[in-house]
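Structure, as structure tokens:
The values are calculated or read from the model by the stated rules, or taken from the named source; none is laboratory data. Every value quoted in this text rests on a predicted model; they were computed, and no experiment measured them. Cβ: placed from backbone, ideal geometry, glycine included. Neighbour counts: every protein chain shown. Only protein heavy atoms, including side chains, enter the accessible area calculation; ligands, DNA and RNA are left aside. Shrake-Rupley method; radii C 1.70, N 1.55, O 1.52, S 1.80 Å.
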Amino acid sequence: MELWATRVPETGTVVTQAERAEQAGWDGIAFTDSQNLVGDPFVAVALAATATDRLRFATGVTNAHTRHPAALANVAATVQETSGGRFVLGIGRGDTALFHLGRKPMPVARFSALVTDVQTYLGKGTVDCDGHASRLQWLDRARQPKVPLDVAASGPRVIDFAARTAERVTLAVGADPDRVAWALDLARKAAADAGRGPADVSYGAYVNVGCHPDRDAARALIGGGVAAFAHFSSMPGSTGAGLAAADRTIVAEVGRRYDSNEHLSNRAGHTDALSPDFVDRFAIVGSPEECADRFRGLAALGIERFVVTGPSFGADREHARTAGRLLATELLPALREGSTS
């Protein structure tokens, strides 16, 4: 089971973040990418890699609109070289990064075409750019393995595309076992239809985690994050596939109310659409023992990698400190040891 932390690439803190994550036992850090809100994740990876020995890094996630596929593949391959082969390119349709440019997330067809180009560049292939043959020539001198491509996927069309194309698929469908199983079934079928075997694609999941013995406090810590990931299931073109009827109604209401200016904020008005029961199923909340059981249940379905999002912006500081301590000293060790004792 790979365990990844989600972090914001704030200037001046990325090295400390990486050092602490490595000491705490995380397998990797996924740095967020939203050019109007946070620093550059690729610079963050380059800096953090120099201060760590084994920690892996990813974008969680970038997009193929704000950077041309050639430029995106180029910077990804560059940090792969400078990190000693410890980088994964996480990519999605684009949310706040495009919102702050006055644009909506890319249509799935456009997203698929651009990500296919990125994958071709990373694999040292040639892309047809309006009749011009384009490839990253310097990759012939690269020493590290190809950058793994990791597609963040929540809807059936993106799940299908990702399983046919990428080395890694990280589901953004919440933590409800029924919906995760639905998404995994779709992905495995798509991969098999494309002639890919179990060794060709790895499956992960983004999960909101509120680790706190007081369940109300645990829910309150992560409301902003839960709303953000629910919102991903109501993006343009989404149908709420894989959701129970009641949950589809909640997700649609979150999407209707969603204010990207308050992305990941616990104080955002759109969090009011979340019911306690929905949060309990869509996220992982509760004591370390309860959280560990939820992780193990999802791993049993075939999830090999978890990208963990903890307390959202505006979380109660004391409760957030408790959650951080419990996660580091009890939950992570329990998942490593296979025991909650």
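Computed values, structure above
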{"quantity": "Helices (runs of 4 or more DSSP H) enclosed by the range 161-250 - at least 3 residues per element that are surrounded by fewer than 21 Cβ atoms within 10 Å (Cβ to Cβ) and at pLDDT 95 or above", "calculated": "177-193, 215-221"}
{"quantity": "The range 1-32 - residue that is in a strand (DSSP E or B) and open to solvent by 40 Å² or more (accessible area, probe 1.4 Å) and, of those, farthest from ARG54 (Cα to Cα)", "calculated": "ARG7"}
{"quantity": "Residue match in the range 109-118 (condition: within 30 Å of GLY269 (Cα to Cα), open to solvent by less than 30 Å² (accessible area, probe 1.4 Å) and either among the small types (Gly, Ala, Ser) or over 23 Å from the mean Cα position of the chain (by Cα) (or both))", "calculated": "no"}
{"quantity": "Breaking point among (1) surrounded by fewer than 21 Cβ atoms within 10 Å (Cβ to Cβ); (2) closer than 22 Å to MET1 by Cβ, for LEU149", "calculated": "(1)"}
{"quantity": "The listed residue being β-branched (Val, Ile, Thr) and either closer than 27 Å to VAL8 by Cβ or in contact with a Pro (Cβ under 9 Å, 6 or more places away or on another chain) (or both), out of VAL158, VAL108", "calculated": "VAL158"}
{"quantity": "Answer residue from the range 52-99, given it is within 17 Å of VAL8 (Cα to Cα) and aromatic (Phe, Trp, Tyr) and is nearest to the chain's Cα centre (by Cα) among those", "calculated": "PHE57"}
{"quantity": "Residue in the range 120-138 that is of a type in the set (Ser, Thr, Tyr) and part of a helix (DSSP H, G or I) present", "calculated": "yes"}
